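Just below is one structure, and these are the notes that go with it.
The values are calculated or read from the model by the stated rules, or taken from the named source; none is laboratory data. Fair warning: this is a prediction, and the values are worked out from it, not measured in the lab. Cβ coordinates were reconstructed from backbone atoms using ideal geometry, including for glycine residues, and neighbour counts include every protein chain displayed. Just so you know, the surface numbers come from the protein's heavy atoms only, side chains and all, with ligands and any DNA or RNA stripped out. Shrake-Rupley method; radii C 1.70, N 1.55, O 1.52, S 1.80 Å.
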Amino acid sequence: MPCATVAALALAGCGGGTRQDADEPSGTFQVDVVRASFPSKQHLAKSQRFVIAVKNSGARAVPNIAVTVSSFASRSEQAGLADPSRAVWVIDDGPRGGDTAYTNTWALGRLAPGQTRRFVWRVTAVQPGTHTIKWQVAAGLNGKAKATLADNRAPAGSFTVDISSKPAQARVDPETGKVVREGG
């Protein structure tokens, strides 16, 4: 194959073409956050559910309902680390079908008027202390479609969580062989 053909094929695979946000409609889309829950007291090594449920309260379909969560990790101040990001919670399971190429963002697709979608994460605390986890809802992944509450505020929130340095207590039931968790 001639070098010019190889070079042309290589350049064609490196991008160009249409913009990633070309098909995302512009505008605002009204939503309600009908549930946002995460336990405020947690223990190391104990799995918890983090839930955000969003309802389309507007007249138009939301193009791609998404939630971005910051603070599943914290930044270490220790010098010389290749990556200063340190997990506070390990994500055991994210919202089903919601994986995106964006860091800490999950999307569950088109949301028709009146419809509700639940974003559910199973996470395990791995860093003791008091931590704040922040989340924000979007109507699309590329910034052209914006989600808004009825009062024009951004649909966002946070939870302050105390993670005990003591793991939750558990024992094995000798009769059944099942793990029995005790305490909170």
Look at residue 133 and say whether it is open to solvent by less than 30 Å² (accessible area, probe 1.4 Å) and under 14 Å from residue 47 (Cα atoms). no
Would segment 78-88 turn up any residue that is in a strand (DSSP E or B), farther than 21 Å from residue 35 by Cα and touching a Ser or Thr at 6+ places or on another chain (Cβ under 6 Å)? yes
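Among residues belonging to segment 136-168 that are among the small types (Gly, Ala, Ser) and crowded, with 16+ Cβ neighbours inside 10 Å, point out the one that is farthest from residue 72 (Cα to Cα). Talk me through it step by step, then tell me what you get.
First, the residues of segment 136-168 that are among the small types (Gly, Ala, Ser): 138-140, 143, 145, 147, 150, 154, 156-158, 164-165, 168.
Next, from what is left, pick out any that are crowded, with 16+ Cβ neighbours inside 10 Å: 138-140, 145, 147, 156, 164, 168.
Details: 138: 18, 139: 22, 140: 22, 145: 25, 147: 22, 156: 16, 164: 16, 168: 20 Å.
The qualifying residue farthest from residue 72 (Cα to Cα) is 145.
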Would you say residue 101 is hydrophobic (A, V, I, L, M, F, W, C), modelled with pLDDT under 95, closer than 30 Å to residue 32 by Cβ and part of a loop (DSSP other than H, G, I, E, B)? yes
Restricting segment 78-93 to residues that are among the hydrophobic types (A, V, I, L, M, F, W, C) and surrounded by fewer than 19 Cβ atoms within 10 Å (Cβ to Cβ), the one nearest to the chain's Cα centre (by Cα) turns out to be 91
State all residues of segment 8-67 that are closer than 27 Å to residue 109 by Cα, at pLDDT 95 or above, open to solvent by 60 Å² or more (accessible area, probe 1.4 Å) and outside any strand (DSSP E or B); if no residue qualifies, say none. 59, 60
Cβ pairs under 7 Å, 6+ apart, first in segment 152-173 and touching a residue at least 24 places away in the same chain (Cβ under 8 Å), second among the β-branched types (Val, Ile, Thr) and assigned to a loop (DSSP other than H, G, I, E, B): none
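Look at residue 137 and say whether it is outside any loop (DSSP other than H, G, I, E, B), of a type in the set (Val, Ile, Thr) and closer than 16 Å to residue 34 by Cα.
Working: outside any loop (DSSP other than H, G, I, E, B): yes; of a type in the set (Val, Ile, Thr): yes; closer than 16 Å to residue 34 by Cα: yes.
So residue 137 fits the description; yes.
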Against the condition part of a loop (DSSP other than H, G, I, E, B), charged (D, E, K, R) and under 17 Å from the mean Cα position of the chain (by Cα), how does residue 96 come out, does it pass? yes
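Kindly indicate whether residue 75 is under 20 Å from the mean Cα position of the chain (by Cα), at pLDDT below 95, open to solvent by 50 Å² or more (accessible area, probe 1.4 Å) and on the phi < 0 side of the Ramachandran plot.
Values: under 20 Å from the mean Cα position of the chain (by Cα): yes; at pLDDT below 95: yes; open to solvent by 50 Å² or more (accessible area, probe 1.4 Å): yes; on the phi < 0 side of the Ramachandran plot: yes.
When the stated conditions are applied, residue 75 passes them.
Between 171, 181, which is over 22 Å from residue 50 (Cα atoms), open to solvent by 60 Å² or more (accessible area, probe 1.4 Å) and over 14 Å from the mean Cα position of the chain (by Cα)? Explain how you work it out, then say what you get.
On the way: 181 fails: over 22 Å from residue 50 (Cα atoms).
Selected residue: 171, the only one of 171, 181 that is over 22 Å from residue 50 (Cα atoms), open to solvent by 60 Å² or more (accessible area, probe 1.4 Å) and over 14 Å from the mean Cα position of the chain (by Cα).
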Consider residue 151 carefully, then state whether it is among the acidic types (Asp, Glu) and either touching a helix residue (DSSP H, G or I) at 6+ places or on another chain (Cβ under 6 Å) or more than 27 Å from residue 59 (Cα to Cα) (or both). no
Every residue from segment 109-130 that is surrounded by fewer than 16 Cβ atoms within 10 Å (Cβ to Cβ), farther than 20 Å from residue 40 by Cα and aliphatic (A, V, I, L, M): 112
